[in-house]
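Data block below; observations after.
The values are calculated or read from the model by the stated rules, or taken from the named source; none is laboratory data. Since the structure is predicted, the reported quantities are computational estimates derived from the model, not experimental observations. Here the Cβ positions follow ideal geometry from the backbone for every residue, glycine too, while neighbour counts run over all protein chains shown.
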Amino acid sequence: MSDAALTYGDSQKLFESMKDLLKDINEDWETGEVTTETRLVDLGMESISLVYLIAELQQTYGLGDALFRKMRGDGTFLKDMTVGDVLKSLGALIESSKIGKKAS
């Protein structure tokens with residue numbers, strides 16, 4: 001990442017925001033420990049819920065469809081992704097959008 005990489009505090013906020021969203025989306029989810037290594041499929045979510053998660057993150061952070069495109073470009077199937085994979089992609093897009101806005 002660039003010099004403008006997300007701080008630890010920013011990363012923690014993203015992680016907490018994602019955990020809250022996961023709880024909202026999957027009401028049947030028995031709250032257990034979620035780490036960056038937790039696979040999304042292991043949370044018991046169906047494919048449509050995973051797609052909804054990505055759409056909500058994109059909307060929340062004003063990314064258009066950039067997160068979908070980045071994840072598809074990375075070549076990892078959504079069902080195989082971990083919470084950390086999503087956070088890494090999300091963080092990179094947020095940072096690149098900040099840099100793009102500064103350059104404008």
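In a loop (DSSP other than H, G, I, E, B), loosely packed, with under 12 Cβ neighbours inside 10 Å and touching a residue at least 40 places away in the same chain (Cβ under 8 Å) - does that describe any residue in region 70-82?
Looking through region 70-82, none of the residues is in a loop (DSSP other than H, G, I, E, B), loosely packed, with under 12 Cβ neighbours inside 10 Å and touching a residue at least 40 places away in the same chain (Cβ under 8 Å).
Which residue is farthest from the chain's Cα centre (by Cα), if the candidates are limited to region 24-81 and must be among the β-branched types (Val, Ile, Thr) and within 19 Å of residue 12 (Cα to Cα)? Walk me through how you get there before you give the answer.
At the first step, the residues of region 24-81 found to be among the β-branched types (Val, Ile, Thr) are 25, 31, 34-36, 38, 41, 48, 51, 54, 60, 76.
So of that shortlist, the ones also within 19 Å of residue 12 (Cα to Cα) come out as 31, 34-36, 38, 54, 60.
Numbers: 31: 18, 34: 13, 35: 13, 36: 10, 38: 13, 54: 7, 60: 11 Å.
Selected residue: 31.
Pick out the one residue from 50, 63, 67, 57 that is touching a residue at least 24 places away in the same chain (Cβ under 8 Å), surrounded by 16 or more Cβ atoms within 10 Å (Cβ to Cβ) and not in a helix (DSSP H, G or I). Break it down into steps so the answer makes sense when it comes.
Details: 50 fails: not in a helix (DSSP H, G or I); 67 fails: not in a helix (DSSP H, G or I); 57 fails: not in a helix (DSSP H, G or I).
Within the list 50, 63, 67, 57, the selection yields 63.
Say whether the condition of being at pLDDT 80 or above, in a helix (DSSP H, G or I) and exposed (fewer than 15 other Cβ atoms within 10 Å of the Cβ) is met by at least one residue in region 27-41.
First, the residues of region 27-41 that are at pLDDT 80 or above: 33-41.
From the residues that got through so far, the ones that are in a helix (DSSP H, G or I) too are 40-41.
In the following step, the residues that additionally are exposed (fewer than 15 other Cβ atoms within 10 Å of the Cβ) were identified as none.
No, region 27-41 contains no residue that is at pLDDT 80 or above, in a helix (DSSP H, G or I) and exposed (fewer than 15 other Cβ atoms within 10 Å of the Cβ).
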